[in-house]
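See structure below.
The values are calculated or read from the model by the stated rules, or taken from the named source; none is laboratory data. Computed from a prediction, not measured in an experiment: that's the story for all the values here. Using ideal geometry, Cβ is built from the backbone for each residue, glycine included, and neighbour counts are taken over all protein chains shown. Side chains are part of the model used for accessible areas, which takes the heavy atoms of the whole protein and leaves out ligands, DNA and RNA. Shrake-Rupley method; radii C 1.70, N 1.55, O 1.52, S 1.80 Å.
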Amino acid sequence: MTCTVTHPTRYVVETLCLQPRLLLLRGFLSESECDYLIEQAEAKIAPSTTVDPETGEHIRVEARSSSSTYFQLGQTEVLSVVEARIANQVNLPVVNGEGLQVLNYQKGQQYLPHFDFFDPAHKGSGVILACGGQRVATCIMYLNTVEPDAGGETHFSEVDIRVRPVKGDAVLFYNTLYNGEIDRMTLHASLPVTAGQKWVSTKWIREREYKSP
Ligand code: PD2
Ligand code: ZN
């Protein structure tokens with residue numbers, strides 16, 4: 001499909017919480033960028049994996065029942081534009097970003113409460129932290145709207161904040177505190193989708209340039 005790249009974009013930044021540092025970015029992606037990301041992902045989507053904290057390897061877990069796929073940094077022009085927009089918002093270079101991930105949740109699928117940072121106390125974290133440092137921020141972009149009462153909210157349980165997926169909006173949160181320590185207040189989940197489906201794109205941003213192992 002053709003995707004109109006409109007850069008720079010105007011969007012509204014709303015602070016949802018100071019700790020954890022949580023921002024809602026309304027209208028962060030255009031409709032056509034959302035549709036483009038879904039279309040690019042659809043062909044290659046597969047059951048999601050997560051990083052094993054003991055070994056650092058990618059494994060499939062019940063806690064994450066979605067399907068997903070990854071893109072390389074700058075793989076297409078549209079991806080580059082979105083990546084530059086995120087980099088501007090977090091004030092960190094594009095190269096600190098891991099490749100964009102697109103996730104699909106069907107009815108009943110969810111992502112149980114977890115942290116996006118790598119806990120330095122876990123055995124497997126050393127290997128992962130060596131290639132770019134900590135995941136300082138996460139940007140979850142909603143690619144479709146999930147109707148009210150149809151579940152699928154991103155839930156920050158420590159502060160009981162639920163963000164409902166609205167097409168084009170994004171939630172940005174900081175996994176580390178100002179002193180660089182991990183912030184356990186960022187515990188978050190994707191609540192089960194109870195009707196329809198949910199599409200998101202997640203960007204994890206590292207402390208330094210990210211080089212995949
Ligand atoms: O899809 C979500 O709402 C969600 C919630 C928690 C995504 C992630 N975590 C993630 O991709 O890390
Ligand atoms: Zn997460």
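So how do LEU25, LEU187 rank on accessible area, 1.4 Å probe, biggest first, that is with the largest at the start?
LEU187, LEU25
Roughly how many nanometres apart are two label points built 7 Å out from the Cα toward the Cβ at ALA43 and VAL166?
3.3
Kindly identify the stretch 120-186 as rounded, prolate or oblate by the Cα gyration tensor criterion: order the square roots of the eigenvalues as a ≥ b ≥ c, call it rounded if a/c is under 1.5, otherwise compare a/b with b/c, prolate if a/b is larger, else oblate.
prolate
Among the lysines, which fall within straight-line cross-link reach of LYS211, defined as a Cα-Cα distance under 27 Å, with same-chain neighbours fewer than 8 residues apart omitted?
Those lysines meeting the cut-off are LYS44, LYS123, LYS203.
Can you send over the carbon and sulfur percentage of the accessible area for the stretch 60-213, probe radius 1.4 Å, protein chains only?
51
Could you give each residue of the stretch 29-34 its phi-based ³J(HN,Hα) in whole Hz, using Karplus coefficients 6.51, -1.76, 1.60 with θ = phi - 60°, and x for Gly or Pro?
10, 7, 3, 6, 5, 4
Where in the stretch 189-213 does the amide nitrogen come within less than 17 Å of the point 7 Å from the Cα of TYR70, taken along Cα to Cβ?
In the stretch 189-213, the label zone of TYR70 (backbone N under 17 Å from the point 7 Å along Cα→Cβ) covers 201-213.
Between ARG10 and GLU77, what length in nm is gained on full extension when 0.36 nm per residue of separation is reduced by their alpha carbon distance? Spell out each step's value before the answer.
Numbers: separation 67, 0.36 × 67 = 24.12 nm, distance 1.90 nm.
The ARG10-GLU77 span can extend by a further 22.2 nm.
Taking the dipole about the Cα centre of the chain, with the C-beta of Lys and Arg at +1 and of Asp and Glu at -1, give me whichever of VAL102, VAL136, HIS122 is farthest to the positive side.
Result: VAL136.
Step by step: find N for the chain, compute 2.2 N^0.38 Å, then divide the Cα radius of gyration by it. What's the final number? Please list the in-between numbers first.
Numbers: Rg = 16.0 Å, N = 213, 2.2 N^0.38 = 16.9 Å.
Taking N as the residue count of the chain, the ratio is 0.95.
List the GluC sites (Glu not before Pro) in the stretch 120-213 that DSSP assigns to loop (not H, G, I, E or B) and whose Cβ has at most 12 other Cβ atoms within 10 Å. Which are they?
GLU181
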